[in-house]
Ligand SMILES: NC(=O)c1ccc[n+]([C@@H]2O[C@H](COP(=O)([O-])OP(=O)(O)OC[C@H]3O[C@@H](n4cnc5c(N)ncnc54)[C@H](O)[C@@H]3O)[C@@H](O)[C@H]2O)c1
């Protein structure tokens, strides 16, 4: 169950047994640790670099030291990094024990904590070791987002906007109409928006858990986004925002998307200052896109838009995609 708007202090009510351990990162521990319920706490160094098998190994050995057995339970309190690590560890510790999350970043509330994917990176290649295992609960308390650094918050908004763009025109409209209260992190509006985004992702995942078809539309903006993120180090959401703009531009150039709707998306991304300058050569783009693990052979399942709220997947060759990219980016 995904509980949006539930106060995180109610966490103990959702933990099925006493034998539980909290995994969190040091930022969350500093900000919220004094109010954590009374379970042993293990904290990791914040950030993507912690998402590796060495950290999983360390954590497993700490769980053993704490005497956590196969009836134990893991609570992940943190953003996407903590959720990915805690979920992956729980899914393999003693062949799998129960786990639940308090999802604390906007990105993890709208995206990472829904869908049952978890895992760690190998070197710089993301999410190479992992599996699909569902948490028993996910608490998304929007009040926690008030302590999130500004760039993390804005970055998370990109995935929220994406949810509206691919499947929910009403969500997109609500975002357009509430820009100021969203920027001021108003809890009421955030509860509404996160609920909608979670429901959208949950429905897509319900219909296609293992990413054989429909789930691909969640990758909207990510083909170019991942390349930009990898090459420039821009934060995920900012890179995806540029990726969404490119995908919308290509959709319009192919005659699928109306220019007015294309501009509408660009305007929303601008309002939240999500479109940053970056530079990436065609050669670098080609390298990233050719290595994308969601590609099969030379074919990329590229997500295009027919309208706001209506995404479609098209098979395109890497060469075609790069040609289209050049066409829409030539000034
Ligand atoms: N499993 C999935 O389906 C899925 C989906 C999307 C993303 N992800 C993964 O999620 C990760 C990114 O998640 P993220 O953006 O949440 O990164 P993150 O977990 O590193 O959190 C970002 C930063 O914000 C801090 N933070 C988190 N919540 C806070 C709060 N309430 N107050 C103050 N600081 C807070 C963290 O300590 C960290 O420094 C990536 O590794 C990505 O691969 C997974």
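The numbers here are math on the coordinates, done by the rules we state, and not lab data. No experiment lies behind these values; they were computed from the predicted model shown. Using ideal geometry, Cβ is built from the backbone for each residue, glycine included, and neighbour counts are taken over all protein chains shown.
Which residues, counting only those in segment 43-58, are under 27 Å from residue 7 (Cα atoms) and buried (at least 20 other Cβ atoms within 10 Å of the Cβ)? Lay out the reasoning, then the answer.
Filtering segment 43-58 down to residues under 27 Å from residue 7 (Cα atoms) leaves 43-48.
Passing the criteria: only 44.
Quick one: which residue in 16, 46 is within 14 Å of the ligand (Cβ to nearest atom), touching a residue at least 12 places away in the same chain (Cβ under 8 Å) and assigned to a loop (DSSP other than H, G, I, E, B)?
Numbers: 16 fails: within 14 Å of the ligand (Cβ to nearest atom).
One residue alone meets the criteria, 46.
Condition first: more than 15 Å from residue 7 (Cα to Cα) and within 6 Å of the ligand (Cβ to nearest atom). Now tell me which residues in segment 104-126 satisfy that.
Correct list: 107, 108, 111, 112, 115, 117, 118, 126.
Just the residues that are surrounded by fewer than 20 Cβ atoms within 10 Å (Cβ to Cβ) and either within 11 Å of the ligand (Cβ to nearest atom) or not in a loop (DSSP other than H, G, I, E, B) (or both), please, taken from segment 135-147.
Across segment 135-147, the qualifying residues are 143, 145, 146, 147.
If residue 263 satisfies every condition in (1) surrounded by 15 or more Cβ atoms within 10 Å (Cβ to Cβ); (2) within 19 Å of residue 157 (Cα to Cα) but one, which is the exception?
(1)
Scanning segment 28-41 for residues that are in contact (Cβ under 8 Å) with a residue 24 or more places away in the chain and not in a loop (DSSP other than H, G, I, E, B), which turns out surrounded by the fewest Cβ atoms within 10 Å (Cβ to Cβ)?
Taking the candidates together, the pick is 35.
Within the bounds of segment 67-88, is there any residue that is at positive phi, surrounded by fewer than 18 Cβ atoms within 10 Å (Cβ to Cβ) and more than 10 Å from the ligand (Cβ to nearest atom)?
Checking segment 67-88: at least one residue is at positive phi, surrounded by fewer than 18 Cβ atoms within 10 Å (Cβ to Cβ) and more than 10 Å from the ligand (Cβ to nearest atom).
Considering only helices (runs of 4 or more DSSP H) fully contained in segment 195-286, which possess at least 2 residues that are closer than 19 Å to residue 179 by Cβ?
236-253, 259-271
Restricting the search to segment 194-221, which residues are within 17 Å of residue 240 (Cβ to Cβ) and out of contact with any strand residue (DSSP E or B) (no Cβ under 7 Å at 6 or more places or on another chain)? Lay out the reasoning, then the answer.
Initially, segment 194-221 is screened for residues within 17 Å of residue 240 (Cβ to Cβ), giving 197, 200-201, 204, 215-221.
197, 200, 201, 204, 215, 218, 221, listed by residue number.
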